[in-house]
Amino acid sequence: MYPTSLTQMARANPFSAPLFSLQKVEEPRQSHPGQRSRTLAAAAAVDEEVSCEFGSSKYYALCGFGGILSCGLTHTAVVPLDLVKCRLQVNPDKYKSIGNGFAVTVREDGVRGLAKGWAPTFIGYSMQGLCKFGFYEVFKILYSDLLGEENTYLWRTSLYLAASASAEFFADIALAPMEAVKVRIQTQPGYANTLRQCVPKMYAEEGIWAFYKGVAPLWMRQIPYTMMKFACFERTVELLYKYVVPKPRSECSKGEQLVVTFVAGYIAGVFCAIVSHPADSVVSVLNKEKGSTATQVLKRLGPKGVWKGLIARIIMIGTLTALQWFIYDSVKVYFRLPRPPPPEMPESLKKKLGLTD
């Protein structure tokens, strides 16, 4: 009866893996004295030599640094597309399409106008990346330890969702001030052209609340986005190695593993853009206007208005997410951080389910 009940529990979990499939493991597992076995991680082979212990302070610090690079650099690189996307959302009568948005912006502000808001973008999303990736690793390990090895495997997608949501809660608090400044610069012509002009002006007009009034809509936008980003990425990596990559992951070079990371990241990014776009539209309008609330903006935009600029956001977020995971995993490779393989069913669970002798 025990194996039967376990099987039913696994199948009843709405976030669980597809039917169990057992594969021969080609690569040996590593273990460190006094360290618990952990089975959750982004796609990568286990290195023969690592620079620090999995779950150590150094590990978390370097993961946070990887988050700074992955989010800060990528968001800054797509500022022109982000600027046009925001203007499509807040002024669709003037900016009618992506191409038209670029043309109008260049005609009015010149080519340099496409870079408006780059400084708050870099600072804000660097801070967000630090918290997003750093805390994700913290919460993933913390929740895994609370669940135990067997439940961690059975409920791993639920674990990814919970860890990423927890991390993004704090990441949005770090992002909110600079996101408000960025949107104000990009969507209010003549208000301010630089970070140094915008911050004191916003503070003088509305006080400290000006920088945090968008945090609740940010949670609405970013928490579902990040949950999809991390859970979809982790599970896509599993499926790619299982069904698409023509050879065992242990035989893949670091470069080939990073290609898998990029592809999984792009797939995750498309879903992220769709899930989070309505809230993104609300954030863009809310930070442009004074005195409005998220509820008022949502009612005024209506079911159709919240989807304005979706194509631009899919292109932007798909590319962003793929590059972010690629940069993040590359940082792990460069600093020789522990990179365990995708999770496999623990031997103890196989025995309970009657899958081994």
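The values are calculated or read from the model by the stated rules, or taken from the named source; none is laboratory data. What you see is a predicted model, and the numbers here were worked out from it, not measured in a lab. Glycine also receives a Cβ, built like all others from the backbone with ideal geometry; neighbour counts cover every protein chain displayed. Calculation scope for accessible area: heavy atoms of the full protein, side chains included, ligands and nucleic acids excluded. Shrake-Rupley method; radii C 1.70, N 1.55, O 1.52, S 1.80 Å.
Listing for the model above:
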| quantity | calculated |
| --- | --- |
| Overall dimensions of the range 52-339 as given by Cα atoms, namely Rg and Dmax in Å | 19.5, 61 |
| Cα Rg, Dmax, the range 140-276, angstrom units | 19.9, 61 |
| Pair-distance profile P(r), taking every C-alpha pair of the range 271-348, with 10 angstrom steps and integer % | 16, 30, 22, 18, 13, 2 |
| Label-point separation, GLU53 to ARG107 (7 Å along Cα→Cβ), nm | 6.4 |
| Around VAL215: net Lys/Arg minus Asp/Glu count, Cβ-Cβ under 10 Å | -1 |
| Within the accessible area of the range 198-357 (1.4 Å probe), percent carbon and sulfur | 68 |
| Sequence of LEU146, LEU320, LEU355 when ordered by accessible area, the most exposed leading, probe 1.4 angstrom | LEU146, LEU355, LEU320 |
